[in-house]
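J.: My questions will all concern the structure given below.
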Amino acid sequence: MMGIGFPELMIILVIIMIIFGAGKLPEIGSAFGNSIKNFKKSMKDAEEIQEATNLEDSGDSNSSQTDDLNDSETSEGEANKDAAPSQETKEN
């Protein structure tokens with residue numbers, strides 16, 4: 001049972017005060033708080049980017065299926081157009 005209780009936290013605080021001194025503790029605390037804040041912000045941004053990518057991927061797959069259908073219709077239409085002039089030239 002490796003729980004950190006009040007006595008352990010006090011020992012850690014005393015060791016930190018000995019190493020860094022009392023003057024540096026506010027700077028260390030604000031730097032630590034800013035790092036946690038930036039970490040949370042970056043995680044939120046990463047989740048938003050991931051959601052946007054997922055939405056684009058699902059939208060792209062639907063549009064690519066439509067594009068594939070349009071491409072096949074266009075290529076069939078072009079094939080019919082190409083075949084029609086060759087038949088006309090044979091008749092002349």
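J.: Report the local net charge at MET17: Lys and Arg +1, Asp and Glu -1, summed over other residues whose C-beta lies under 14 Å from its C-beta.
T.: Here the charged neighbours net out to 0.
J.: Would you mind classifying segment 1-48 by shape? Square roots of the alpha carbon gyration tensor eigenvalues, ordered a ≥ b ≥ c; an a/c under 1.5 is rounded, otherwise it is prolate if a/b is larger than b/c and oblate if not.
T.: Oblate.
Every number here is computed from the coordinates shown, using simple stated rules; none is lab data. Just so it is clear, the model here is predicted, and its values are computed rather than measured. Virtual Cβ from ideal backbone geometry, glycine too; neighbours counted across all protein chains shown.
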